[in-house]
Ligand code: KIV
Ligand code: ZN
């Protein structure tokens, strides 16, 4: 079955870098951009050029460096000066994109802009028109679209299509939507915006309720063909949609009929690289790339995995660049796991020997968080079983 391609718009270097303490210098950003190119992303949002001279330089250097068929994007507010500076930073890009936008929800219109709906549409249209004088590819973000009513969103999208917007980004800026609601929003736009086939709908979901991945997938299932995400899901507050998660959801569920161009075997090493450069640890239980994502520690699970990996693993670790699943020995482990690890470190135990060693193992394991390979030698030595190596 042929699948629809969902473009991966990586914003690790823009939204991801907004995490306190994760500031990167230009050199580090260039290394990450090259890795994103290798990974196979379609768009790199390289920064917010007007925000600082450092960000301008990074966007400009990335635009010069990346020569594959990857779009390099710079963020702006719906402000002329921002757009001019972004256009300048992107001038060497093979495929430049200006990403401009404005808040569209009632609270953004009232509290941020002290404005009204008509004036917001006017500003949005003016920004896209102005950006189009510099580049062909202009993406518009309707900030806080998650809390914007669908009629107004449709109205603004329709006006922007008339002036040539290429991508309509529908951000759930505050991570508020439920998957059903976010999916319905995308469906509503697909069905009610005149000319919508001329633009790509994009999901940009934050993770304040832990729903960013589910919402992005719901968006794609309802017609969005770009997902904005970051490596390890880093980003403002609780973060953005995690790139590795959306890629693997589509890969593991072929019935969705959706796929990306990402080389999933590079996911684990890319996660490690970004974590190290940003000085931000990945939580051990993080889906796909966490240290425990392929580690089994309870006896029942270990027994199953040793018999056949598929009993407790839905992804082949090699598909995401992890060498193999690991069996972690703890006081919850059973004989099967102990025999399995003991064999790896050099002890082929008979059933009787295993019973004896297992009793000793449990005493030992109760005093530790984990029993590692060197401990197994001590445990075996503490028993009087004769081991033939
Ligand atoms: O979350 C958001 O709305 C954003 C926009 C600037 C795209 O990051
Ligand atoms: Zn965002």
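The set of residues from the range 150-184 being under 18 Å from residue 229 (Cβ atoms), crowded, with 21+ Cβ neighbours inside 10 Å and within 16 Å of ligand 1 (Cβ to nearest atom) comprises 167, 168, 169, 170, 171, 172, 173, 175, 177, 182. Determine whether the range 112-122 contains at least one residue that is within 28 Å of the chain's Cα centre (by Cα) and either within 23 Å of residue 208 (Cα to Cα) or surrounded by 15 or more Cβ atoms within 10 Å (Cβ to Cβ) (or both). Looking through the range 112-122, none of the residues is within 28 Å of the chain's Cα centre (by Cα) and either within 23 Å of residue 208 (Cα to Cα) or surrounded by 15 or more Cβ atoms within 10 Å (Cβ to Cβ) (or both). If the condition is being crowded, with 20+ Cβ neighbours inside 10 Å and away from ligand 2 (no atom under 14 Å from the Cβ), then the range 10-41 contributes 24, 29, 32, 33, 36, 39, 41. Return the residues of the range 217-246 that are away from ligand 2 (no atom under 16 Å from the Cβ) and either more than 15 Å from residue 11 (Cβ to Cβ) or in a loop (DSSP other than H, G, I, E, B) (or both); say none if nothing qualifies. If the condition is that a residue be away from ligand 2 (no atom under 16 Å from the Cβ) and either more than 15 Å from residue 11 (Cβ to Cβ) or in a loop (DSSP other than H, G, I, E, B) (or both), then 217, 218, 220, 221, 222, 223, 225 are the ones that fit. Among the residues of the range 109-145, those that are touching a strand residue (DSSP E or B) at 6+ places or on another chain (Cβ under 7 Å), part of a helix (DSSP H, G or I) and without any contact (Cβ under 8 Å) to a residue 40 or more places away in the chain comprise 109, 112, 120, 128, 132.
All conditions but one from (1) in contact with a helix residue (DSSP H, G or I) (Cβ under 9 Å, 6 or more places away or on another chain); (2) surrounded by fewer than 14 Cβ atoms within 10 Å (Cβ to Cβ); (3) not in a helix (DSSP H, G or I) apply to residue 385; the one that does not is (2). Taking the criterion of being in the same structural domain as residue 214 (by the TED database), touching a residue at least 40 places away in the same chain (Cβ under 8 Å), within 16 Å of ligand 2 (Cβ to nearest atom) and farther than 27 Å from residue 178 by Cα, would at least one residue in the range 63-76 satisfy it? Yes; the residues of the range 63-76 include at least one that is in the same structural domain as residue 214 (by the TED database), touching a residue at least 40 places away in the same chain (Cβ under 8 Å), within 16 Å of ligand 2 (Cβ to nearest atom) and farther than 27 Å from residue 178 by Cα.
When we screen 87, 78 for residues that are touching a helix residue (DSSP H, G or I) at 6+ places or on another chain (Cβ under 6 Å) and either at pLDDT 95 or above or over 27 Å from residue 320 (Cβ atoms) (or both), the only hit is 78. Of the set (1) touching a residue at least 24 places away in the same chain (Cβ under 8 Å); (2) farther than 30 Å from residue 39 by Cβ; (3) in contact with a strand residue (DSSP E or B) (Cβ under 7 Å, 6 or more places away or on another chain), all apply to residue 366 but (3). For the range 282-290, does any single residue satisfy the condition of being more than 30 Å from residue 242 (Cα to Cα), out of contact with any helix residue (DSSP H, G or I) (no Cβ under 7 Å at 6 or more places or on another chain) and not assigned by the TED database to the domain that holds residue 251? So far as the range 282-290 goes, no, none of its residues is more than 30 Å from residue 242 (Cα to Cα), out of contact with any helix residue (DSSP H, G or I) (no Cβ under 7 Å at 6 or more places or on another chain) and not assigned by the TED database to the domain that holds residue 251. The residues of the range 198-215 that are within 12 Å of ligand 2 (Cβ to nearest atom), within 13 Å of the chain's Cα centre (by Cα) and not in a loop (DSSP other than H, G, I, E, B), listed by number, are 203, 204, 205, 206, 212. Those strands (runs of 3 or more DSSP E) of the range 1-75 in which 3 or more residues are within 15 Å of ligand 1 (Cβ to nearest atom) occupy 43-47, 71-75. Residue 266 meets the conditions (1) more than 14 Å from ligand 2 (Cβ to nearest atom); (2) assigned to a helix (DSSP H, G or I); (3) surrounded by 22 or more Cβ atoms within 10 Å (Cβ to Cβ) in every case but one. The failed one is (3).
The values are calculated or read from the model by the stated rules, or taken from the named source; none is laboratory data. Because the structure is predicted, anything quoted here is derived from the model rather than measured. Counting neighbours? That spans all protein chains shown, and the Cβs are built from the backbone with ideal geometry, glycine included.
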